[in-house]
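Participant: I am attaching a structure below and will ask some questions about it afterwards.
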Amino acid sequence: MNQELLYNFFEGKTLIEEEKNIRDWMEESDTNLKCFMQSRKEFDIQTLSGSEAKKRDKKKYNLKSLSWIPSVAAVIIALIIGGIYLFNLSDKTEQFNTIIVPAGQRINLILSDNTNLWLNANTQFRYPTEFSKDIRTVYLDGEAYFEVSKNEKKPFIVKTYQGEIHVTGTSFNVEAYSKYNSFETSLFEGGVDIYKENSKLASLKPNEIGTLKNNELLITDIIDKDNYLWREGLIAFNNKKLEEVLIDLEKYFNVDIHISTSCLPKHTYTGKFRQSDGVIYALRVLQRSINFKYIRDEETGVIYID
């Protein structure tokens with residue numbers, strides 16, 4: 001297969017017929033598949049090292065056209081919604097992939113140890129292409145739902161800006177956006193330990209939430225499981241104040257919402273939105289229940305509430 005054609009494919013510049021030819025070529029043999037993956041790796045290294053910077057100004061590449069690639073270790077599989085970006089970085093000891101999920105979207109991954117996870121909108125997730133022999137460490141800035149493959153001899157650690165979660169095999173949700181200085185872990189099955197600066201803060205039991213604020217961990221029960229419907233593409237609110245709803249919309253749609261009034265309506269809102277409907281649709285629906293006005297600056301994208 002012509003390398004230049006493959007590089008054009010990685011940059012999203014190929015025609016539909018060319019993409020079909022590449023797919024057919026890959027499916028002909030394992031050798032062709034290995035050749036494809038090797039070309040992809042070489043393309044990533046060249047782009048990220050800057051050797052192709054003058055020729056190719058894209059340091060991020062859209063993976064949605066790769067959703068049909070046969071399964072290999074640590075490759076994105078299952079559902080890819082919209083423009084997901086993958087970087088491959090390396091140091092002297094390990095290679096890492098970093099995935100960035102755009103606003104209003106989500107992605108499902110299976111890691112090399114068979115851990116299944118979902119990443120929410122505006123999430124950055126960093127993980128090694130292959131885990132070490134004695135530990136499995138990943139890095140999260142955003143929100144993710146994990147179903148960790150059980151291995152008591154090889155702990156799974158999620159590192160965030162605020163704290164760490166240590167597990168051996170379990171199902172849990174982590175919401176830890178550095179931009180909002182947030183940290184919340186919700187446990188559904190198994191058990192997790194929460195650490196901060198190498199000190200254990202607490203262990204969670206199923207159906208418990210650990211919320212870290214001002215270096216203090218508050219443990220409560222999971223009451224509303226609709227909060228985790230984001231995996232199905234839904235944003236759910238249960239009796240939330242308008243200000244809280246607006247913060248969530250900022251988080252999931254990566255927009256700046258400025259509140260230009262000191263007195264927001266005191267009403268609360270209960271309902272669901274599809275992430276795919278976008279922030280403006282959500283605001284219009286909210287207006288049916290809560291009396292407020294908004295203006296969007298078309299140049300900056302900033303939304304003003306009054």
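Participant: Considering only the stretch 253-289, state which residues are open to solvent by 60 Å² or more (accessible area, probe 1.4 Å) and either aromatic (Phe, Trp, Tyr) or free of Cβ contacts under 8 Å to residues at least 40 places away in the same chain (or both).
Facilitator: Ser262, Cys263, Lys266, His267, Thr268, Thr270, Tyr281, Arg284, Gln287, Arg288, Ser289, listed by residue number.
Participant: Using the structure shown, decide if Ile194 is assigned to a strand (DSSP E or B) and either open to solvent by 30 Å² or more (accessible area, probe 1.4 Å) or of a type outside the set (Ser, Thr, Tyr) (or both).
Facilitator: Spelling it out, Ile194 is indeed assigned to a strand (DSSP E or B) and either open to solvent by 30 Å² or more (accessible area, probe 1.4 Å) or of a type outside the set (Ser, Thr, Tyr) (or both).
Participant: Condition (residue is modelled with pLDDT of 90 or more, open to solvent by less than 40 Å² (accessible area, probe 1.4 Å), of a type in the set (Lys, Arg) and more than 30 Å from Asp277 (Cα to Cα)) applied to the stretch 201-215: is it met by at least one residue?
Facilitator: no
Participant: Hey, another quick one. Residues Phe131, Phe96: which one is more than 10 Å from the chain's Cα centre (by Cα), surrounded by fewer than 16 Cβ atoms within 10 Å (Cβ to Cβ) and either farther than 21 Å from Glu189 by Cβ or of a type in the set (Asp, Glu) (or both)?
Facilitator: Numbers: Phe131 fails: surrounded by fewer than 16 Cβ atoms within 10 Å (Cβ to Cβ).
On inspection, the qualifying residue turns out to be Phe96.
Participant: Where in the stretch 103-164 are there strands (runs of 3 or more DSSP E), lying wholly inside it, with at least 2 residues that are closer than 26 Å to Ala202 by Cα, of a type in the set (A, V, I, L, M, F, W, C) and without any contact (Cβ under 8 Å) to a residue 40 or more places away in the chain? Step through it out loud before you land on a result.
Facilitator: Values: elements: 107-110, 116-119, 124-128, 136-147, 156-159.
The strands (runs of 3 or more DSSP E) meeting that bar are 116-119, 136-147, 156-159.
Participant: A further question on this structure: For the stretch 229-238, which positions are over 20 Å from Arg288 (Cα atoms), open to solvent by 20 Å² or more (accessible area, probe 1.4 Å) and in contact (Cβ under 8 Å) with a residue 24 or more places away in the chain?
Facilitator: If the condition is that a residue be over 20 Å from Arg288 (Cα atoms), open to solvent by 20 Å² or more (accessible area, probe 1.4 Å) and in contact (Cβ under 8 Å) with a residue 24 or more places away in the chain, then Leu229, Arg231 are the ones that fit.
Participant: Right, next: Just the residues that are small (Gly, Ala, Ser) and surrounded by 21 or more Cβ atoms within 10 Å (Cβ to Cβ), please, taken from the stretch 134-178.
Facilitator: Residues satisfying the conditions are Gly142, Ala144, Gly163, Ala176.
Participant: Can you report the number of residues in the stretch 239-252 which are surrounded by 13 or more Cβ atoms within 10 Å (Cβ to Cβ), touching a residue at least 12 places away in the same chain (Cβ under 8 Å), in contact with a Phe, Trp or Tyr (Cβ under 9 Å, 6 or more places away or on another chain) and not β-branched (Val, Ile, Thr)?
Facilitator: Total satisfying the criteria: 7.
The values are calculated or read from the model by the stated rules, or taken from the named source; none is laboratory data. Here the structure is a predicted model, which means the values were calculated and not measured. For neighbour counting, all protein chains shown are included, and Cβ atoms are generated from backbone atoms with ideal geometry for every residue, glycine included. For accessibility, only protein heavy atoms count, side chains too; no ligands or nucleic acids. Shrake-Rupley method; radii C 1.70, N 1.55, O 1.52, S 1.80 Å.
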